[in-house]
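Note sheet for the following structure.
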Amino acid sequence: MPINQPLPLQLLKGESGEGAVIDEEDDDGSAGERVSARDEFRPALQRLRQGGDVRFDGEDLQAGVGGHCIAVDPWFIVDAAPAEARLLRTAREVNDSKPHHVVAQVRAAAGQDAVVACLGLAFKANVDDLRESPAVEIATHLADAGLKVLAVEPHVSALPKPLQGRAELVPLADALARASVVVLLVDHRAFAGLTLEQLKGKRLIDTRGVVRN
């Protein structure tokens with residue numbers, strides 16, 4: 001594929017690592033992963049409760065979305081019950097590695113003087129919570145690499161500390177006008193109307209599968 005061509009959308013969907021501990025595709029393989037995760041949670045939580053730890057009380061722990069939950073709390077379980085939480089450790093390690101994979105994709109697509117628009121900084125759609133956000137991590141790594149980063153986050157009025165002085169917080173229209181590479185990191189409603197026609201001539205990395213023909 002010529003380097004100056006936009007990257008195929010289908011190759012780059014779903015890479016940001018936001019969301020659940022385990023990717024919940026509706027197929028037999030992932031169903032088995034969910035069962036394995038459930039079966040490991042139960043003895044791990046039982047061990048924690050027996051030790052008097054009430055942070056993870058309850059019979060079952062559901063995998064959910066949370067800036068300071070899904071990214072952090074599982075590591076408490078792994079630390080306290082490592083033998084019982086092997087799959088949980090692996091799942092978190094895989095998810096924690098996703099931002100680095102996205103950064104590698106962006107750097108491969110971007111030239112030395114590229115301007116990169118990062119669409120979304122929150123940990124999930126339509127919120128202003130940036131805690132433990134993979135999108136912030138990705139934008140920070142891109143700035144570290146010397147790329148010009150334009151951050152678009154309609155739910156905040158200031159950049160988080162890791163990006164202050166190293167990126168610009170700009171409106172969507174401004175970012176699209178100036179960027180040569182567009183990285184869609186969070187599926188905010190504000191980005192729902194984006195089309196490939198609007199991004200013609202730019203390199204697109206859509207981690208959420210939002211942009212349509």
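The values are calculated or read from the model by the stated rules, or taken from the named source; none is laboratory data. Model, not experiment: these values are computed from the prediction. No Cβ is skipped: glycine too gets one built from the backbone with ideal geometry, and neighbour counts run over all protein chains shown.
Tabulated data for the structure shown
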quantity	calculated
Spans of strands (runs of 3 or more DSSP E) in the stretch 97-213 with at least 2 residues at pLDDT 95 or above	115-119, 148-152, 181-184
All positions within the stretch 113-155 that are in contact with a Phe, Trp or Tyr (Cβ under 7 Å, 6 or more places away or on another chain) and farther than 19 Å from Leu204 by Cβ	Asp129, Leu130, Arg131, Glu132, Ser133
Residue within the stretch 83-92 that is of a type outside the set (Lys, Arg) and at pLDDT 80 or above present	yes
Failed condition for Glu84, given (1) among the acidic types (Asp, Glu); (2) assigned by TED's automatic domain parsing to the domain that holds His188; (3) farther than 21 Å from Ile205 by Cβ; (4) touching a helix residue (DSSP H, G or I) at 6+ places or on another chain (Cβ under 6 Å)	(2)
Selection from the stretch 132-176 of residues that are basic (Lys, Arg) and closer than 19 Å to Val103 by Cα	Lys148, Arg166
Among the candidates Leu130, Leu150, Leu121, residue that is in contact with a strand residue (DSSP E or B) (Cβ under 8 Å, 6 or more places away or on another chain) and more than 11 Å from Leu185 (Cβ to Cβ)	Leu150
